[in-house]
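These notes are about the structure you will find just below.
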Amino acid sequence: MLQPIESKIVLPQSLPNRDKFYWDIQEIKNSFSGRMDFDYIGIFIREAGQLLLNSISLFEKGYFDCAYYSLRSAVDVATTLVYFVDMPEEERKVKFSAWKENEHFPMKGEMIQALLKKGNILRDMKEKMSKFFDDAQKLSEKLNKYVHKQGFQNYYVVREHYFNSKPQDRFIQNFENYLKKCIGVIAVMRLAIDPFPVLLLDDEILCRCPGLVEEPYREDFVKEYIGEKYLEAYKTTEIYRELYNYYMKVKKPNETTFNVMKFQFIDTARQKDIVSQWALLGYIDMVCVTIVFACNKAVKLYPQELCELGVYTTDRKSNRINQNSYIKKDSQRFASNENKYNQPYDEVFISVFQFRQMNYFVEHNEKLTDSDIETISNELKSLDNTLPSIKDYMEED
């Protein structure tokens, strides 16, 4: 039986560093931004990361030109995102509508020129990091050689021929080199959205904004794909300096308070540390801390809004064997039970307390007494009298 002609010409490869690249690309795909002025930031970021992953798969299957095309597309997606973000809102609405409807839309080169002419963020970054952007332009030109099939070395029918003397290991190294550069370009373009991926590497900043959902890049990722020289240059940009100066004016929480705000961990042995910085706590933080300090039987707390996402833990040990499961699937049953207190749950008990129309599911090893319940209820009433309304509280934040 004759083999397909394709199998003789398309030569599969194996990237020795594939798993490392997969891991590093996740830094981009998981780089969430909390900016509210453009709802589709996350989609663009994840798409750019996915295209990088696709390029690896295509290259290993032997479709090397398609792999380079996917690399170029990843950079194009990141550029398009910056183009939308770095423009006035009214203009963005018009441009984004045209983009969605497949109407006339500027090509990558036109977008870059428009950003350098009218965009405040990228223009500033280009001035402060000129060498990086010059290298990015050269990278784009190199990728186009593969995409547009310039040079016989980029032809399938020549690559498999005996007179193509280019070693396979060099062929693989070239692709890995371009992949690294594309990861670096996209990682920097992501910083045009907001500086949090590198801003949060500074411990002085990290401890001052524990409530943020954004996460920093890994330090080794920054070192390899951005470089210390370019990182220091980026730190001189307006987008970085403005946010850095803003957070440095925020009161710095102590370690115990930070753990409550960031990791929902309440150290009951250091109550004074938390109380001394009470005003820094979030709304739900305050309620959970109040319950824990009101009753030494409280081990964990599951706020209604967080049952799916997480739990407030303490330094008190739970008797539950399955420590990693949350109670979302059982929360409705607990909340609707006529008797809200001391409901059996695995090896522990759950009691439900309500604060301003939101349920708090309290896990405890021993049954609560009537005195325990009364104490917790009274402390929550006292908290209710001291806190502003939820709406006002959120506006203050």
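Can you tell me which residue is nearest to the chain's Cα centre (by Cα) among those in region 222-241 that are hydrophobic (A, V, I, L, M, F, W, C) and either part of a loop (DSSP other than H, G, I, E, B) or surrounded by 20 or more Cβ atoms within 10 Å (Cβ to Cβ) (or both)? Ranking the candidates gives V222 first. Within region 190-210, the set of residues being part of a helix (DSSP H, G or I), open to solvent by less than 10 Å² (accessible area, probe 1.4 Å) and of a type in the set (A, V, I, L, M) comprises V198, L199, I205. Within region 206-225, residues that are of a type in the set (K, R) reach partners that are surrounded by 13 or more Cβ atoms within 10 Å (Cβ to Cβ) and part of a loop (DSSP other than H, G, I, E, B) with beta carbons closer than 7 Å, at six or more positions or on different chains, in the pairs R208/K252. Here the condition is being open to solvent by 50 Å² or more (accessible area, probe 1.4 Å), at negative phi and at pLDDT below 95; of F171, F163, it holds for F163 alone. Which one is surrounded by the fewest Cβ atoms within 10 Å (Cβ to Cβ) among residues in region 55-92 that are within 24 Å of the chain's Cα centre (by Cα) and of a type in the set (D, E)? For region 55-92, the residue satisfying everything is E89. Being open to solvent by less than 10 Å² (accessible area, probe 1.4 Å) and at negative phi is the requirement here; does A187 meet it? Answer is yes for this residue. Out of the residues in region 29-45 that are over 12 Å from P197 (Cα atoms) and in a loop (DSSP other than H, G, I, E, B), state the one that is least open to solvent (accessible area, probe 1.4 Å). Filtering first and then ranking leaves F38. Of all residues in region 242-281, those satisfying the criterion of being open to solvent by 40 Å² or more (accessible area, probe 1.4 Å) and of a type in the set (D, E) are E242, E255, D273.
Would you point out which residue out of F105, F152, F96 is among the aromatic types (F, W, Y), over 27 Å from the mean Cα position of the chain (by Cα) and over 29 Å from N174 (Cβ atoms)? Answer to the selection: F105.
Contact map, region 9-23: residues that are in contact (Cβ under 8 Å) with a residue 60 or more places away in the chain paired with residues that are in a helix (DSSP H, G or I) and exposed (fewer than 14 other Cβ atoms within 10 Å of the Cβ), Cβ distance under 7 Å, separation 6+ or inter-chain. Pairs shown: I9/V157. Taking each residue of region 271-293 that is within 16 Å of S377 (Cα to Cα) and looking for partners that are among the hydroxyl-bearing types (S, T, Y) and assigned to a helix (DSSP H, G or I) with beta-carbon atoms closer than 9 Å, six or more apart or interchain, yields T290/S382; V292/T268; F293/T268. Which one is most open to solvent (accessible area, probe 1.4 Å), of the residues in region 111-160 that are closer than 17 Å to V185 by Cβ and small (G, A, S)? Step by step, filter region 111-160, then rank; the result is S130.
The values are calculated or read from the model by the stated rules, or taken from the named source; none is laboratory data. Keep in mind it's a predicted model, so treat the numbers as computed, not measured. Note: ideal-geometry Cβ built from the backbone for every residue, glycine included; neighbour counts use all protein chains shown. Accessible surface areas use protein heavy atoms only, side chains included; no ligands, DNA or RNA. Shrake-Rupley method; radii C 1.70, N 1.55, O 1.52, S 1.80 Å.
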